[in-house]
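Trainee: First the structure, which I've put down as structure tokens, then a few questions once you've had a look.
Since every read-out is calculated from the coordinates, none of them should be taken as a lab result. These numbers were taken from a predicted model, which means no experiment stands behind them. Note: ideal-geometry Cβ built from the backbone for every residue, glycine included; neighbour counts use all protein chains shown.
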Amino acid sequence: MSTIKIKVEDTNLYYGDHQALKDINIDIYEKAVTALIGPSGCGKSTFLRCLNRMNDLIPNVRRNGKIEIAGTNVDKYDVILLRKKVGMVFQKPNPFPISIYENVAYGPRIHGVKSKAVLDDIVEKSLKEAALWDEVKDRLKNNAIGLSGGQQQRLCIARTMAVEPEVLLMDEPTSALDPASTMKIEDLMEDLKKQYTVIIVTHNMQQAGRISDYTAFFLNGEIIEYDKTENIFYKPIDKRTEDYITGRFG
């Protein structure tokens, strides 16, 4: 049986008077890709941001219930350490306007790594893990902004992995990319799940079907159904899941 990495119990979240998440209960498994699907505004990204407390940055947000990562409540973590453990890749690539090397070395430096030899190793390892090393190894001093969109997104993945997280959150990481770059990132996820717990928000049903082991279907702030991906796609229990997956709404 797979090990539970993240346990979410009876979690609700409010933006002011608006309830964005309602009674969320879900176990997310270690070293697997879990896809969060559902129409726009249904709570997927809000839920994702609960896992590394990014919602804390928004005024008037209240959350109750319990979220545990590796057995520790997220509210007990120092937030900087939590975001080291739970890395995040956003919808639009957001490299820093500095060199490719410095983008990847940035996190380890913040966490106290000073040795150039160690940083060199981390940069190479992270870029290799992000399937980018061969494309950029001769131009590490170049500004990251000069990379293509797909390369920038893989650089952001490398930057996230440089601090050795345990969990990787991806909020529609390929929605701004062309099909070839999307395929590279999807291939990359197959490798990443060997050592990370990956949670991805995606609007692309085919993508969820291709890359994920588990799928949670969100609707109006609730999880309607959560199961192994093949069950969600081919044997959904709830008619709303079936209607969404077959394109009847959403």
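Trainee: Which angle between 0 and 90 degrees, to the nearest 10, do you get for helix 116-129 versus the longest principal axis of the chain when only C-alpha atoms count?
Mentor: Around 50 degrees separate the two axes.
Trainee: Note down the relative contact order for the range 4-245 as a percent, whole number, built from C-alpha pairs under 8 angstrom at least six residues apart.
Mentor: After rounding, I find 28 percent.
Trainee: A further question on this structure: Whole-Hz ³J(HN,Hα) for each residue in the range 209-222, computed from phi via Karplus 6.51 cos²θ - 1.76 cosθ + 1.60 with θ = phi - 60°, x for glycine and proline: what do you get?
Mentor: x, 6, 9, 9, 8, 10, 9, 10, 9, 9, 8, 6, x, 10
Trainee: Expressed as an acute angle from 0 to 90° and rounded to the nearest 10, what is the orientation of the C-alpha long axis of helix 179-192 relative to the principal long axis of the chain?
Mentor: With both axes taken from Cα atoms, the answer is about 90 degrees.
Trainee: Further question on the same structure: Neighbouring Cβ atoms within 10 Å as the yardstick, rank LYS31, LYS141, LYS66 fewest first.
Mentor: In increasing order of surrounding Cβ atoms, one gets LYS141, LYS66, LYS31.
Trainee: Please report MET170, MET183, MET161 as a ranked list, fewest other C-beta atoms within 10 angstrom at the top and most at the bottom.
Mentor: Fewest-to-most Cβ neighbours within 10 Å comes out as MET183, MET161, MET170.
Trainee: Give the dimensionless ratio obtained when the Cα radius of gyration of the chain is divided by 2.2 N^0.38 Å.
Mentor: It is 1.01.
Trainee: How large are Rg and Dmax for the range 91-170 when only the alpha carbon atoms are used, in Å?
Mentor: Taking only Cα atoms of the range 91-170, I get Rg and Dmax of 11.4, 32 Å.
Trainee: Moving on to the next point. Between the range 58-112 and the range 1-31, what is the separation of their alpha carbon centroids in Å?
Mentor: Result: 18 Å between the Cα centres.
Trainee: Continuing with the same structure: Set the Förster distance to 22 Å, then compute FRET efficiency between SER175 and SER148 from the Cβ-Cβ distance, nearest 0.05.
Mentor: For R0 = 22 Å, the calculated efficiency reads 0.90.
Trainee: Is it possible to state the helix-based mean residue ellipticity at 222 nm for the chain, with each DSSP H run of 4+ residues giving -39500 (n - 2.57), the sum divided by total residues, to the nearest 500 deg cm²/dmol? What is it?
Mentor: Using -39500 (n - 2.57) per qualifying helix, the result is -10000 deg cm²/dmol.
Trainee: In whole Hz, what ³J(HN,Hα) sequence does the range 107-115 give by Karplus (6.51, -1.76, 1.60; θ = phi - 60°), x for Gly and Pro?
Mentor: Per-residue couplings from phi come out as x, x, 4, 4, 8, x, 7, 10, 5 Hz.
Trainee: Can I ask one more? Using the alpha carbons of the range 81-125, what is the convex hull volume per residue in cubic angstrom, as a whole number?
Mentor: Taking the convex hull of the Cα positions in the range 81-125, it is 89 Å³ per residue.
Trainee: Shifting gears a bit: What are the equivalent ellipsoid semi-axes of the range 1-104, built from the alpha-carbon gyration tensor (square roots of five times its eigenvalues), in whole angstrom, biggest first?
Mentor: That gives 24, 19, 15 Å for the three semi-axes.
Trainee: From the C-alpha coordinates alone, can you work out the Kirkwood hydrodynamic radius of the range 188-250, in Å?
Mentor: 12.3
Trainee: For the range 4-245, what is the percent of antiparallel DSSP beta bridges, rounded to the nearest 5?
Mentor: Taking every DSSP beta bridge within the range 4-245, about 60 percent pair in antiparallel fashion.
Trainee: Rounding to the nearest 10 and keeping the result within 0 to 90°, find how far the Cα-based axis of helix 149-161 lies from the longest principal axis of the chain.
Mentor: Helix 149-161 sits roughly 90 degrees off the main axis of the chain.
Trainee: Okay, moving on. Name the residue from GLY71, PHE217, ILE98 whose Cα lies farthest towards the positive end of the charge dipole of the chain, charges +1 on Cβ of Lys and Arg and -1 on Cβ of Asp and Glu.
Mentor: Towards the positive end, the residue furthest out is ILE98.
Trainee: Out of residues 5 or more away from MET170 or on other chains, whose amide H comes under 5 Å of its own, with H placed 1.01 Å from N in the peptide plane?
Mentor: Answer set, sorted by chain and number: VAL89, ILE199, ILE200, VAL201.
Trainee: OK, next. Leaving out same-chain residues fewer than 8 places away, which aspartates and glutamates sit with a Cα under 13 Å from that of LYS194?
Mentor: GLU30, GLU129, GLU166, ASP213
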